[in-house]
1. Please enumerate the residues belonging to the stretch A:126-144 that are in contact with a Leu (Cβ under 9 Å, 6 or more places away or on another chain) and surrounded by fewer than 19 Cβ atoms within 10 Å (Cβ to Cβ).
2. Would you kindly identify the helices (runs of 4 or more DSSP H) lying entirely within the stretch A:159-269 that contain at least 3 residues that are of a type in the set (Phe, Trp, Tyr) and within 14 Å of chain B (Cβ to nearest Cβ)?
3. Looking at the stretch A:286-307, is at least one residue out of contact with any Ser or Thr (no Cβ under 8 Å at 6 or more places or on another chain) and surrounded by 21 or more Cβ atoms within 10 Å (Cβ to Cβ)?
4. On the basis of being crowded, with 22+ Cβ neighbours inside 10 Å and either modelled with pLDDT of 90 or more or of a type in the set (Ser, Thr, Tyr) (or both), does B:Ile192 make the cut?
5. Identify all residues within the stretch B:1-22 that are surrounded by 15 or more Cβ atoms within 10 Å (Cβ to Cβ) and closer than 15 Å to B:Gly41 by Cα; write none if there are none.
6. From the residues in the stretch A:123-140 that are among the hydrophobic types (A, V, I, L, M, F, W, C) and touching a residue at least 24 places away in the same chain (Cβ under 8 Å), which one is nearest to A:Ile76 (Cα to Cα)?
7. I'd like the full set of residues that are outside any helix (DSSP H, G or I) and either within 14 Å of another protein chain (Cβ to nearest Cβ) or crowded, with 18+ Cβ neighbours inside 10 Å (or both), limited to the stretch A:147-158.
Amino acid sequence: MTAGYSRILAVFAFIAILVTLPLWIRDTFYVNIASQILIWSIAAMGLNLLVGYAGLVSLGHASLFAIGGYAVGIAITSGFDQLTAFVIGLAIILLISAIFGALALRSTGIGFLMITLAIGQILWGVAYRWVSLTNGDNGISIPARPQPFGLDIEGPTPFYYLALAVFILALAFTSRLVLSPLGAAIRGTRDEPRRMTALGYNVWLTRYIAFVMSGFLSGIAGLLFLYYNGFVSPQVLTVQSSSEILLMVLSGGSATIFGPFVGALVIVFMKNVASSFVERWSLVLGLIFVLIIIFIPEGIVPGLARLKTGFGGARRIRAVPAPSGEAS
Amino acid sequence: MNPLRVKGLCKSFGGLRVTRDVDLDVAAGERRLIIGPNGAGKTTLFNLIAGEIKPDAGEISLMGRDITRSPGRARAHMGLARTYQIITLFPQDTLIRNVSIALMGLMPLRWNPFANLSQCRDVSDAAHEALERVGLVHLADRKISETSYGECRRVEIAMALAQQPSVLLLDEPLAGLSVDERRGVQDLLLSIPRDVTTVMIEHDMDVALRFAERITLMHFGAVVLDGTRDEVVNAPQTREVYLAG
């Protein structure tokens, strides 16, 4: 079987596991955890476009994650119906991503990191201090989840399937983008921006498109987060949230399709499940990150692939019989 | 109309004048060699022509159009291509992907987020053709990081030629190559079609003199001499510059 077919089979098996998950988990607590993993995976996938493929590390992505939730929440509490609020939310995500990107991409490297951190803090300040609009520290609540196409998603399992549908769409989009000419251009601007300019590419615009797509994906995840919790508050926009999304990308493996999912799985699981068994769960999480950095600095997905290749190589070497007459 | 004209070009980095009132007039189809000792300002001149740095004064025109204020990417779309002294490729991508990226730089396809690049027949065929031209089509699917230095030099030339440029700037295309590799790249340079106006910086005089019809000698950022191959080779200034350098 070729590597290509193995990969396709692995992807189908992965999706089949996710589709059947509520059937064999049953416990609604874990179904909700799975929904959270999917939501944060989508946010991390968005950031991965920027960090992994465009080579731009952002510390302000939690604000793009939260902005859609705030927009929809404010629209609903202002009297708009769910569909109109959803459309407003999408428009606001695009608008804020476009403005955020235009400001942040005046620099790259550490400058870009600092600008994203600063803009993220400004948006956190707006959410926290503009009480008449955002309800300040109390956040914005919505009365109920929407009913897309008349479907009831109030229960944990129906909501899980909504999150899964969006996750699969996001996965399909990023997988396709990576293989596309635009994906190649985005990676080119990461690796050799000078060469890309000489070849006729508009490096700034290519990065800008990557930023807007990244912000849009993370914003969609933020919408799901609002529908999941029925609530969004300034806590979601903090530097800690931005750092967590970044850690999901880096620990899972940046510039990989499944890395963000694995990173989100580790962090959400540790925060929500391990924390109920281990009081100092953040210490354990920190230890996990240290181990990742020491043994698989490229992240879990590419790291495990490398280790597997190494072990496979070792097995193959051992399998070669020693020539006769030579000591083994 | 000469495809490349440079007039009164000046550039300083702080107090250091690296390009001093440089004039360059390259005729259509010409093969021009730029020589001079290290620090003469040859690569800076290329960077100015390619739009990677902005001049303090002077004018650059490409195919009769003033490009002095045009961004580097626009110059590529107007028919200017270049190679680098230090190899500048995409090491994690294959040879075919590197050439495909070069080809797409001038195509609207580069903005497409949905097409599968490896299934874009037009790009793939043109990239294979470009690799065949430099004798590397058999390595099309090998990663750049697993490719020898000499082969990388050829890929750089393939990428530049794939864009079908009107003016090609070659910055020391033989630097760091073994004798055998030099011979191969030299043949490749001589096979560049005459409709491509070529300007080359090179220190290997044996190869360079076979290639060039006219030579520009630079020293301390200024053009010292500009003439035919024999004129420049036999001029006392050439010996002075190189012996003094």
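1. A:Val126, A:Tyr128
2. The helices (runs of 4 or more DSSP H) meeting that bar are A:203-229.
3. The answer is no; no qualifying residue exists.
4. no
5. B:Val6, B:Leu9, B:Cys10, B:Lys11, B:Arg17, B:Val18, B:Thr19, B:Arg20, B:Val22
6. Here the residue is A:Ile140.
7. A:Ile153
Okay, residues lined up against (1) over 19 Å from the mean Cα position of the chain (by Cα); (2) of a type in the set (Gly, Ala, Ser):
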residue: B:Ser61; (1), (2): no, yes
residue: B:Ile67; (1), (2): no, no
residue: B:Ser70; (1), (2): no, yes
residue: B:Ala76; (1), (2): no, yes
residue: B:Leu89; (1), (2): no, no
residue: B:Arg110; (1), (2): yes, no
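The values are calculated or read from the model by the stated rules, or taken from the named source; none is laboratory data. No experiment lies behind these values; they were computed from the predicted model shown. Every residue, glycine among them, receives a Cβ derived from its backbone with ideal geometry; neighbour counts consider all protein chains shown.
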